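A.B. asks: The structure is given below, and queries will be raised subsequently.
What follows draws every value from the coordinates through simple rules; no lab data is involved. Source: prediction; values computed, not measured. Glycine gets a Cβ as well: all are built from the backbone with ideal geometry, and neighbour counts include every protein chain shown.
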């Protein structure tokens, strides 16, 4: 089981008072009380959650750091998550873990002491927030929920967790030390040909050339094998077979570095670049404007209404763990990759192919967002990922996991390279600055998290560039900028981009871009023109529709350029909420879109605006209505405005937007 702290041992005696905690308001959960003191919770909808009653006044988070209860659950649930909220604050995640099935009453305990920022203090309306992750009608019965001090076993587990955190910090520091050290040697070039790889470099004293395979971090040491050639000195050139061994393992996914005879690192790693002629000569895809849609649904016909909007860009989601399995399952097709069998969901692939073919037929540039399902038994998910995440970082820690990941990428690269079904942009996972929720790898120091993410992006890049010389990868980020979102597993976007660029430069730069999500500061408020935490400087807390121009200005700095050119930018997910379906709220939503596009055309480096979303799904998105048609299929005012954007028909909408913005500006 993953090492989120959770105990299933018998509750033992402890010093200090227990504080009872009772159930409060709930949503998407059926609640019954089958016996005195027992609450039965059954999942009845999307995002099931409930609150506690206010925390008792005697609560001391420095002492009573265990939340415990007894439960009964014949099915178990995928995850039970604990957050807290104090008045006028965001909800802050504390911890989460699976709840195994229990056919008798069993104790369960959660450690709250790891909360960053520190756990809440008691006060009026200070409550815990609990969310369930599982299937419809699953759930559990709860009794005797208390806050208490840790027992001896729990103290030991806390010490173990803290020791592992120290080890992660040390590993992160070692990576930064590797990245920023001054080495005697250098690998100048790794050229990947059709059958050979040529490595050129220099080192004054005799040194060894090492190959690092996908599961190896760039700063890792102590490998028992992997030396390609020994005793290299001066300027050298090494040629080796691209495909290694009887299974023809592709070394295009390896890095190479120099080491001293004593095994010390003597150069930065270097990734390979494909020589001319390896990839077919595809054209660079261009579009007449930036208007697009995100999260495209299945499209089976040229008559689908989205084509009425005149879009030039679209994103589709691809969950890799739904595409390929390491184990045979009914309905899956056996394929081979580097001598190993894998099992392909052909129907899943064909559905996406149908959609992509129709989009490309209409001249729409397609971007794929690659996601990894976060399931405890999945070889795809990183071993340190916690169940609280919707998606996970891919498993690039183990050979079998990285091979599975590369196999899935190969399927996509082979399948979507032809002009009629070409995907040219690849977004690497989702909102990685909100790692705890969207690309979970467990709690990690930023350098350790980003080192794995960088390897994942390189795996995608190496795969797709083999088939398309213009394929690019994009790092996915939220509208937070210099202000880190509250909660566990969040990072500062500006800091991430700076370190990510440094990593790319160090090991051989490549054509990556930024897939940014400039929602309004408050997702529920469409009046982005009133955002009050937006600046025109690089220190702005947020980048939203009000100040989106900060991002291209930041990336225009020399250290971010690629071959002298700015990085590509996709606004790959964002939109404006209509709080209700009233005409007043629909007008605010429309005004936000029209005002944004009026300025967007002046920034051609922003290649696309993928509107999120096509259709309202308030039940799935916490009541948000970001679509341009409502949940019943009725077209909202924003539909008609979006259809008009890019044509003269937008002028009446611009007049209306000017009036609304003028009347509501603060």
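A.B. asks: Report the calculated FRET efficiency for residue 631 and residue 347 (r = Cβ-Cβ distance, R0 = 30 Å), to the nearest 0.05. The partial results should precede the final answer.
C.D. replies: Values: r = 27 Å, r/R0 = 0.89.
Once the sixth-power term is evaluated, E becomes 0.65.
A.B. asks: For residue 615 and residue 260, what does the FRET efficiency come to when R0 = 45 Å and r is the distance between their Cβ atoms, rounded to the nearest 0.05?
C.D. replies: So the FRET efficiency works out to roughly 0.15.
A.B. asks: Could you work out how much longer the chain between residue 535 and residue 230 gets when fully extended? Use 0.36 nm per residue separation minus the Cα distance between them, nm to one decimal.
C.D. replies: Stretched out fully, the residue 535 to residue 230 stretch lengthens by 104.3 nm.
A.B. asks: Output the relative contact order of the chain, whole-number percent, from Cα pairs under 8 angstrom with separation of 6+ residues.
C.D. replies: Normalised by residue count, the contact order of the chain is 10 percent.
A.B. asks: Using alpha carbon coordinates only, what is the Rg to Rh ratio of region 250-354, with Rh defined as the Kirkwood radius?
C.D. replies: My calculation of the ratio gives 1.12.
A.B. asks: If I model a spin label at residue 170 and residue 49 as a point 7 Å from the Cα along the Cα→Cβ vector, what separation in nanometres do I get?
C.D. replies: In this crude spin-label approximation the distance works out to 3.7 nm.
A.B. asks: Please grab the % of Cα pairs in the chain that end up more than 37 Å from each other.
C.D. replies: In whole percent, the long-distance tail amounts to 42.
A.B. asks: Here's another thing I want to ask about it. Under a point spin-label approximation (7 Å from Cα along Cα-to-Cβ), what is the residue 75-residue 505 distance to one decimal in nm?
C.D. replies: So the two model labels end up 5.3 nm from each other.
A.B. asks: Would you calculate a helix-derived [θ] at 222 nm for the chain, using -39,500 (n - 2.57) for each DSSP H run of n ≥ 4 and dividing by the full residue count, to the nearest 500?
C.D. replies: That comes out to -7000 deg cm²/dmol.
A.B. asks: Rounded to whole Å and sorted largest first, list the principal axis extents of the Cα atoms in region 395-539.
C.D. replies: Here the spans come out as 47, 36, 28 Å, largest first.
A.B. asks: What FRET efficiency would be calculated for the residue pair residue 557, residue 492, taking the C-beta separation as r and a Förster radius of 22 Å, to the nearest 0.05?
C.D. replies: 0.80
A.B. asks: Still on this structure, please answer the following. Could you list the square roots of 5 times each eigenvalue of the Cα gyration tensor of region 517-666, that is, the equivalent ellipsoid semi-axes, sorted largest first and rounded to whole Å? Please report the intermediate quantities before stating the final value.
C.D. replies: On the way: eigenvalues 145, 52, 50 Å².
After scaling each eigenvalue by five and taking roots: 27, 16, 16 Å.
A.B. asks: For region 186-274, just say rounded, prolate or oblate: build the C-alpha gyration tensor, square-root its eigenvalues into a ≥ b ≥ c, call rounded for a/c under 1.5, and beyond that prolate if a/b exceeds b/c, oblate if not.
C.D. replies: oblate
A.B. asks: Follow-up question, since we're still on this one. Along its three principal axes, how long is region 490-578 when you only count alpha carbons? Whole Å, largest extent first please.
C.D. replies: 45, 25, 22
A.B. asks: I've got another one for you. Could you work out the relative contact order of region 476-620, using alpha carbon pairs under 8 angstrom and six or more residues apart, expressed as a whole percent?
C.D. replies: Relative CO of region 476-620 lands at 24 percent.
A.B. asks: Multiply the residue gap between residue 200 and residue 329 by 0.36 nm, knock off their C-alpha separation, and tell me the result in nm, one decimal place.
C.D. replies: 41.9 nm
A.B. asks: So how do 472, 329 line up by other beta-carbon neighbours within 10 Å, fewest first?
C.D. replies: 329, 472
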